[in-house]
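Enquirer: For reference, the structure I am asking about is given below.
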Amino acid sequence: MKKAYLTIDDGPSVARRQKVDVLTKYGIQAVWFCMGIDMEARQEDALYTIENGQIIGNHSYNHPNFSEIDLEQCEREIVTTDRMIDELYQKAGVKRPVKLFRFPYGNEGVKRGFFDVAYTDEERQRVERIQKVLTDNGYTTFPFENITYPYYERFRETKRVDWLWTYDTMEWCVFQEKPPYGVKTIDDVLEMMEIDWPDRWMGLNYPNSEEIIVIHDHPQTSDMFETIIKALLDKGVEFCRIVE
Ligand SMILES: [Zn+2]
């Protein structure tokens with residue numbers, strides 16, 4: 001048995017409702033990190049997400065790489081989407097339970113590798129200013145005390161409130177022109193779950209850490225969604241609720 005938090009990035013896509021129904025069927029609550037531009041286009045699907053007990057998180061308005069836009073734009077990306085989520089909860093008649101944010105591509109605002117967090121002073125300043133926009137707007141993270149990977153400890157030390165992940169299902173690879181990691185089919189996605197490399201986001205078989213799992217709400221991989229969720233459950237992953 002391994003505990004995990006489920007997070008679903010991007011969208012809402014045209015297949016959002018079908019995916020929400022899959023989670024309802026298995027009794028799983030997830031954070032859906034949505035893009036402002038897609039919530040604008042598919043408001044009803046965002047509402048359906050909320051109405052079915054799922055949590056909407058902020059994944060920026062336009063999905064830019066935060067290291068490639070100026071600080072003002074970073075703030076606009078966060079705040080515009082935040083207001084939009086507030087309005088959706090209001091419309092749904094549901095109190096917004098928690099404010100959670102994930103950077104597009106996991107990029108916290110500086111160009112660097114995920115496992116290398118020794119910031120220069122200038123980088124640290126930029127990261128801190130973006131984090132301040134998040135905390136000023138009420139964004140938080142969980143302590144995740146039971147995530148024990150060394151690389152995650154370094155993220156904890158920098159006191160970032162955005163949500164990172166510890167396991168990427170990599171289903172997004174299958175529709176890339178050059179599929180990263182050679183992941184081209186659902187079978188490849190399932191095979192990746194068996195790789196043991198806990199220091200590099202592949203610790204599903206590693207018993208001593210909880211996980212934050214990321215999968216996406218992309219229209220191209222909708223037909224894989226339930227298979228992947230089921231495979232995770234079959235592996236003994238027990239999904240924690242985000243809020244009671
Ligand atoms: Zn994304």
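The numbers here are math on the coordinates, done by the rules we state, and not lab data. Predicted model, so just to flag it, every value in this text is computed and none were measured. For neighbour counting, all protein chains shown are included, and Cβ atoms are generated from backbone atoms with ideal geometry for every residue, glycine included.
Enquirer: Taking a spot 7 Å from the Cα of ARG241 along the direction of its beta carbon, which residues of the stretch 40-61 have an amide N less than 13 Å from it?
Expert: Taking a point 7 Å out along Cα→Cβ of ARG241, the residues of the stretch 40-61 whose backbone N falls under 13 Å are 53-55.
Enquirer: Shifting gears a bit: Are there trypsin sites (Lys or Arg not before Pro) in the stretch 47-101 that DSSP puts in a loop and that have at most 16 other Cβ atoms within 10 Å, and which ones?
Expert: Numbers: sites: ARG76, ARG83, LYS91, LYS95, LYS99; in loops: LYS95, LYS99.
Here the trypsin sites (Lys or Arg not before Pro) that fit, given the DSSP loop and packing criteria, are LYS95.
Enquirer: If one computes the Cα centroid of the stretch 6-59 and of the stretch 209-244, what distance in Å separates the two points?
Expert: 13 Å
Enquirer: Here is a follow-up. Just add up the charged neighbours of ARG160: K/R +1, D/E -1, any other residue whose Cβ is under 14 Å from the Cβ of ARG160. Can you show the working numbers first?
Expert: Working: positive: ARG102, ARG112, ARG124, ARG126, ARG129, LYS132, ARG154, ARG156, LYS159; negative: GLU108, GLU123, GLU128, GLU153, GLU157, ASP162.
Neighbourhood net charge equals +3.
Enquirer: Give me the tail of P(r) for the chain as a percent: Cα-Cα pairs with distance above 23 Å. Walk me through the numbers on the way to the answer.
Expert: Details: 14442 of 29646 pairs.
In whole percent, the long-distance tail amounts to 49.
Enquirer: Would you mind telling me the antiparallel percentage of the DSSP bridges in the chain, rounded to 5?
Expert: Just about 5 percent of them are antiparallel.
Enquirer: Rounded to the nearest whole Å³, what is the per residue volume of the convex hull around the Cα atoms of the stretch 110-244?
Expert: Working: hull volume 19.5 nm³, N = 135.
It is 145 Å³ per residue.
Enquirer: Among all lysine pairs in the stretch 107-190 that are eight or more places apart or on different chains, how many have alpha carbons less than 24 angstrom apart? Walk me through the numbers on the way to the answer.
Expert: Values: LYS111/LYS132; LYS111/LYS159; LYS111/LYS178; LYS132/LYS159.
Counting lysine pairs in the stretch 107-190 gives 4.
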